[in-house]
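To keep things clear, I will list the structure first and then write my remarks on it.
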Amino acid sequence: MKKNNTPDRVDALISEWNREDPELRAEPMQVVGRIIGLGRAYQSDVTALLRPHGLSYSDFDVIATLRRCGRPYALTPTQLQQSVLLTSGAMTACLRRLELRGLICRQADAEDGRRSVAKLTSKGEGLVDRLIEPRFELAGAALAALDSRQIEALTTLLRKLERI
């Protein structure tokens, strides 16, 4: 495992920009570059977990969102979009894929028949329930180098930076 003070590719990037353009304020990339890199690495690990089940990261995000919303595990596409970072068109395509696989069904909203809801099927529920623990274990492994106080401090700092 790499020591905390060992220079990495982000340090190299900063050093190169400082050499090429000393006026450029490149230091924020010390944080942002690492956040981007960590996000990509975590998403890659999750993608590897999901691939054998024929799921993309977004597909799983949608069915996991339906599962965690509680019974009857149904949300409108608009409600799903508020939780999952997909455009309207991408959400429509995702819901179509999930419906074709029998992981969700779409039906008229009980409160407003003009709207539709995406409802998690028992097959979809079972798949989420099998995969959610390994997904959370990947998150835990990503933070294994930190103790609980450090995780809490990092959470606070990231929440402060969050713009979503």
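The values are calculated or read from the model by the stated rules, or taken from the named source; none is laboratory data. Since the model is a prediction, treat every value here as computed from it, not as a measurement. Quick reminder, even Gly has a Cβ in these numbers, built from the backbone with ideal geometry, and neighbours come from all protein chains shown. Keep in mind that these areas ignore ligands, DNA and RNA; they rest on the heavy atoms of the full protein, side chains included. Shrake-Rupley method; radii C 1.70, N 1.55, O 1.52, S 1.80 Å.
Each principal axis of the stretch 1-43 carries a Cα extent, and these read 33, 21, 12 Å when sorted largest first. Rounded to the nearest 10 degrees, the angle from helix 9-20 to the longest Cα principal axis of the chain is 50 degrees.
Residues considered: 86, 154, 98. Largest GNM mean-square fluctuation over the chain, using C-alpha springs under 10 Å, is found at 154.
Computed with a 1.4 Å probe over protein heavy atoms only, the accessible area of residue 148 comes to about 90 Å². Legend: residues 123, 160, sorted from most to least accessible area (1.4 Å probe; ligands, DNA and RNA excluded), read 160, 123.
Global size of the chain: 20.1, 63 Å for Rg and Dmax (C-alpha atoms, Rg to one decimal, Dmax whole).
For a test of the definition: using alpha carbon positions, the gyration tensor, and the 1.5 limit on a/c, classify the stretch 61-129 as rounded, prolate or oblate.
Verdict is rounded for the stretch 61-129.
Near residue 37: Cβ cut-off under 11 Å, other residues only, Lys/Arg at +1 and Asp/Glu at -1. The net charge is +2. For the chain, the residue among 140, 22, 153 whose Cα projects farthest onto the positive side of the dipole built from Cβ charges is 140. Of 51, 135, 101, the residue with the largest accessible area leads and the full order is 51, 101, 135 (1.4 Å probe). With respect to the chain, whose longest principal axis is taken over its alpha-carbon atoms, helix 148-161 is tilted by about 80°.
Using only the alpha-carbon atoms of the stretch 9-96 as identical scatterers, what base-10 log of I(q)/I(0) does the Debye formula give at q = 0.21 Å⁻¹? Debye intensities relative to I(0), on a log10 scale: -0.97. Per-residue accessible area (protein heavy atoms, 1.4 Å probe) orders 69, 94 as 69, 94, starting from the largest. Expressed as a whole percent, the accessible surface of the chain that belongs to carbon and sulfur atoms is 54, based on a 1.4 Å probe. For the chain, a Gaussian network of Cα nodes joined below 10 Å ranks 113, 39, 54 by mean-square fluctuation, and the top entry is 113.
Seen against the Cα atoms of the chain and their longest principal axis, helix 57-68 is set at about 60 degrees. Comparing 42, 124, 107 along the charge dipole axis of the stretch 41-158, the residue lying farthest to the positive side is 107, per the Cβ-charge model.
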